[in-house]
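The values are calculated or read from the model by the stated rules, or taken from the named source; none is laboratory data. Computed from a predicted model, the values in this text were never measured in an experiment. Glycine also receives a Cβ, built like all others from the backbone with ideal geometry; neighbour counts cover every protein chain displayed.
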């Protein structure tokens, strides 16, 4: 992870066009409780959102991207 991302006190979350987490910094670890090792490569909707909201999130992401 680039030093700028890992050292930032701000939340930095980068996902690819398919919704998989590419970058996830320490500020997010404190908020969500998942380590970067657990999060990177995981699908954002499956990691963060409750199951009942996952499909809606994925549909919104498709419209944006």
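Give me the residue from the range 19-40 that is touching a residue at least 24 places away in the same chain (Cβ under 8 Å) and under 24 Å from residue 55 (Cα atoms) and, out of that set, surrounded by the most Cβ atoms within 10 Å (Cβ to Cβ).
By that ranking, first place goes to 21.
For the range 1-18, how many residues meet the condition of being surrounded by fewer than 16 Cβ atoms within 10 Å (Cβ to Cβ) and either assigned to a loop (DSSP other than H, G, I, E, B) or at pLDDT 95 or above (or both)?
Residues in the range 1-18 being surrounded by fewer than 16 Cβ atoms within 10 Å (Cβ to Cβ) and either assigned to a loop (DSSP other than H, G, I, E, B) or at pLDDT 95 or above (or both): 9 in total.
Give the residues of the range 47-65 that are assigned to a helix (DSSP H, G or I) and exposed (fewer than 14 other Cβ atoms within 10 Å of the Cβ), sorted by residue number.
51, 52, 53, 55, 56, 59, 60, 62, 63, 64, listed by residue number.
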